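Okay, so here's the structure we're looking at.
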Amino acid sequence: MSGAKEHILTCINCPMGCTITVKAKGSKVLSVDGNECKAGEKYAILEMEHPMRILTSTVKVKNGILSRIPVRSSAELPKGNIRECVRLLNDLEVNAPIDIHSPVLKDLLGTGVDIITTRSMERDGE
Amino acid sequence: MNAKVAVIGGGPAGLGAAVAAYEAGINPEDIHIIERDMELGGILQQCIHNGFGQLIFGEMMTGPEYASHYIDEVLKAGIRFHLNTMVLDISPDRVITAVNQEECLMRINADSIILAMGCRERTRYQIHLPGERPAGIYPAGTVQRLINIEGALPGRRAVILGSGDIGMIMARRLVLEGAEVEGVYEIMGSPSGLPRNVQQCLRDFEIPLHLSHTVTGIHGNRRLEGVTISRVNPESLKPMPGTERYVECDTLVLSVGLIPENELSEGAGIKLDGWTGGPIVDEERETSVDGIFGCGNAVHVYDLVDDVTKSSELAGRSAARYVKGETICREHVLSITAGENVRYTVPQHIRKQSDEPVEVFFRVYLEAANVKLQALVAAEVISEESRRVVKPPIMEKIILQGDLLPVDGEIIIQVVEK
């Protein structure tokens, strides 16, 4: 087929990290080969059409036993927006005590995805 | 103080072992976790990236979330734990000597002990890195702690030596926090970390990975100013003269391997395996010293915390069985030997009488495609599995059915072409 190109991808779904060969015309996927499971096929198609990633980072926390609290996106974000999203976290500051899975930033860049804490943090001295 | 089960280390291995001992019927008041940090969770607390928990929970969790699950179990069960407490010594008759600020010196007489100390990073001196001794050279785990726990950026322009998982993960973290990563240099011809991290940590951020390269010079007086990079001969791994290149950087991150932490084990007279760096264990994870068990990265370094948890749950159940006097030893010990393209195995031998299947973990020396994993007894195959590909960074496992085990002799584990 004219215009069809072969792409070699590494699946990030699990530690196996299958090498997947995708034939695609532009972002339209024609065939997927080399994946050991269904998740690999889904990943390969998404990766060609609209790659998505989970974002993990930390934000400042006041009065906590530590000075940073780890956070993640509640769902995958478009890969191209990751750096912009991290910049939005730079100025954020939350207060201890705080529970695990508390939202610290809602509806990031209109994606409907929140940034949530991935641990609880007690107040210092308690 | 007396304990039925004393667990050394409150990281993923220690938590899993303690919970499993409790679930196997040991009174939670008689289980003691001893942890040197100010909280439970171990290294998971600084592993803020995701990818944990897929095997056990069927979802991608971050390190702190994975730790939280098991910390909650420990709290719910009422298992005892001692924070900010450093174990100084374990005696062969299972007396633990530890220190902390409240009690100063404490002694615990334990009916059983589970070693769950985890591992340490290989340092600059262990890989014989020549050159000056300026500030700015860090093991990857230290960079991880500085950025993720302390909120401090260790430098502005980093070179990463070694393509271990933590090194690649920190390459991504450094870039996301505003530093520049000039490149990752790996002495071997293939990455030492997992393929998914090459993709999501390096390629996603256009960080170059240079295989068959290493650092051959460190420059800088007070602070690191640059490193010399050389290409290496892929066979001998020796630097090739004339290939030197100067790279300016203020930070060198080392991700050059992990070593099980076993000073305490050695003090207790436990026999270590020269290949794994951890105690030699049987299929129940009992070491060479009666009533002392080992699990997690203290035994051998795992790729996945899920497998650490499973190994520690096995050790926890075994310790409970030992304490209750339910252990039955075989008449003859079965040795497990690493055969073709197998670097080492865990367990190293089978000593107990049981019909339970035995999972044997191992790593290959060389990448190979379309292979069979085999367990042989007297040249006869007792277990076999196929793999499309095997790679040194990915731990393999073969299951031996209890009823197929011989009365005595040797089991050889090998990886051969189909």
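Return yes or no: is A:Leu77 within 30 Å of A:Val22 (Cβ to Cβ), modelled with pLDDT under 95 and not assigned by TED's automatic domain parsing to the domain that holds A:Gly26?
no
Here are some residues: B:Gly131, B:Gly193, B:Gly164. Which one is closer than 26 Å to B:Thr243 by Cα, at pLDDT below 95 and in contact with a helix residue (DSSP H, G or I) (Cβ under 6 Å, 6 or more places away or on another chain)?
Going through B:Gly131, B:Gly193, B:Gly164 in turn, the sole match is B:Gly193.
Residue-by-condition table, conditions (1) surrounded by 14 or more Cβ atoms within 10 Å (Cβ to Cβ); (2) of a type in the set (A, V, I, L, M):
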{"residue": "A:His50", "(1), (2)": "no, no"}
{"residue": "A:Val71", "(1), (2)": "yes, yes"}
{"residue": "A:Cys85", "(1), (2)": "yes, no"}
{"residue": "A:Asp91", "(1), (2)": "no, no"}
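This table checks each residue for (1) exposed (fewer than 13 other Cβ atoms within 10 Å of the Cβ); (2) hydrophobic (A, V, I, L, M, F, W, C); (3) in the same structural domain as B:Ala319 (by TED's automatic domain parsing).
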{"residue": "B:Ser68", "(1), (2), (3)": "no, no, yes"}
{"residue": "B:Gly78", "(1), (2), (3)": "yes, no, yes"}
{"residue": "B:Thr97", "(1), (2), (3)": "no, no, yes"}
{"residue": "B:Ile127", "(1), (2), (3)": "no, yes, no"}
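Against the condition surrounded by fewer than 19 Cβ atoms within 10 Å (Cβ to Cβ), under 29 Å from A:Gly17 (Cα atoms) and in the same structural domain as B:Tyr138 (by TED's automatic domain parsing), how does B:Leu211 come out, does it pass?
So B:Leu211 fits the description; yes.
Provide a single number: the residues in the stretch B:375-411 that are under 27 Å from the mean Cα position of the chain (by Cα), over 19 Å from B:Pro195 (Cβ atoms) and crowded, with 19+ Cβ neighbours inside 10 Å.
Total satisfying the criteria: 5.
Please work out which one of (1) under 15 Å from B:Val377 (Cβ atoms); (2) assigned by TED's automatic domain parsing to the domain that holds B:Ser312 is the condition B:Ile350 fails and give its number.
Unmet for B:Ile350, out of (1) under 15 Å from B:Val377 (Cβ atoms); (2) assigned by TED's automatic domain parsing to the domain that holds B:Ser312: (2).
Does B:Ile160 count as within 12 Å of chain A (Cβ to nearest Cβ) and either assigned to a helix (DSSP H, G or I) or touching a residue at least 24 places away in the same chain (Cβ under 8 Å) (or both)?
Taking the combined requirement at face value, the residue does not satisfy it.
Among the residues of the stretch A:45-73, how many are under 30 Å from A:Lys28 (Cβ atoms) and away from chain B (no Cβ under 12 Å)?
Total meeting the criteria: 5.
Can you find even one residue in the stretch B:92-111 that is touching a helix residue (DSSP H, G or I) at 6+ places or on another chain (Cβ under 8 Å) and of a type in the set (Gly, Ala, Ser)?
Checked against the condition, which is being touching a helix residue (DSSP H, G or I) at 6+ places or on another chain (Cβ under 8 Å) and of a type in the set (Gly, Ala, Ser), the stretch B:92-111 yields no hits at all.
So which residues in the stretch B:292-304 are out of contact with any Leu (no Cβ under 6 Å at 6 or more places or on another chain) and crowded, with 19+ Cβ neighbours inside 10 Å, if there are any at all?
Selection gives B:Ile292, B:Phe293, B:Cys295, B:Gly296, B:Asn297, B:Val299, B:His300, B:Tyr302, B:Leu304.
Can you name the residue in the stretch B:31-83 that is closer than 27 Å to B:Ala140 by Cα and acidic (Asp, Glu) and, of all such residues, is modelled with the lowest pLDDT?
Only one residue fits best here, namely B:Glu59.
Within the stretch A:7-36, which residues are farther than 22 Å from B:Pro191 by Cβ and at pLDDT 90 or above?
Selection gives A:Lys23, A:Ala24, A:Lys25, A:Val29, A:Leu30, A:Ser31, A:Val32, A:Asp33.
Do any strands (runs of 3 or more DSSP E) lying entirely in the stretch A:53-112 carry at least 3 residues that are over 19 Å from B:Gly51 (Cα atoms), out of contact with any helix residue (DSSP H, G or I) (no Cβ under 8 Å at 6 or more places or on another chain) and of a type outside the set (D, E, K, R), and which ones are they?
none
Would you point out which residue out of B:Arg231, B:Arg173 is charged (D, E, K, R), in contact with a Lys or Arg (Cβ under 9 Å, 6 or more places away or on another chain) and buried (at least 18 other Cβ atoms within 10 Å of the Cβ)?
Every option except B:Arg231 fails the conditions.
Okay, residues lined up against (1) within 27 Å of B:Glu150 (Cα to Cα); (2) in contact with a Pro (Cβ under 7 Å, 6 or more places away or on another chain); (3) within 14 Å of another protein chain (Cβ to nearest Cβ); (4) not hydroxyl-bearing (Ser, Thr, Tyr):
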| residue | (1), (2), (3), (4) |
| --- | --- |
| B:Arg172 | yes, no, yes, yes |
| B:Gly178 | yes, no, yes, yes |
| B:Tyr185 | yes, no, no, no |
| B:Val215 | no, no, no, yes |
| B:Gly242 | no, no, no, yes |
| B:Val256 | yes, no, no, yes |
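Keeping to the stretch A:3-22, report how many residues are more than 14 Å from chain B (Cβ to nearest Cβ) and closer than 28 Å to B:Pro393 by Cβ.
1
Quick check, is B:Met168 at negative phi, of a type outside the set (Lys, Arg), part of a helix (DSSP H, G or I) and in the same structural domain as B:Gly226 (by TED's automatic domain parsing)?
So B:Met168 passes the test.
Suppose we keep only residues that are aliphatic (A, V, I, L, M) and not in a loop (DSSP other than H, G, I, E, B) within the stretch A:113-126. Which one would you say is surrounded by the fewest Cβ atoms within 10 Å (Cβ to Cβ)?
A:Ile116
Residues that are within 13 Å of chain B (Cβ to nearest Cβ) and in a strand (DSSP E or B): does the stretch A:25-39 have at least one?
Within the stretch A:25-39, one or more residues are within 13 Å of chain B (Cβ to nearest Cβ) and in a strand (DSSP E or B).
Is it the case that the stretch B:331-342 has a residue that's closer than 17 Å to B:Pro406 by Cβ, within 21 Å of the chain's Cα centre (by Cα) and hydrophobic (A, V, I, L, M, F, W, C)?
yes
Identify, by number, the condition in (1) under 30 Å from B:Lys4 (Cβ atoms); (2) in contact with a Pro (Cβ under 8 Å, 6 or more places away or on another chain) that B:His349 doesn't meet.
It fails just one condition, (2).
The values are calculated or read from the model by the stated rules, or taken from the named source; none is laboratory data. Everything numeric in this text was worked out from a predicted model, so none of it was measured. Cβ sites come from the backbone with ideal geometry, for glycine too, and all protein chains shown count toward neighbours.
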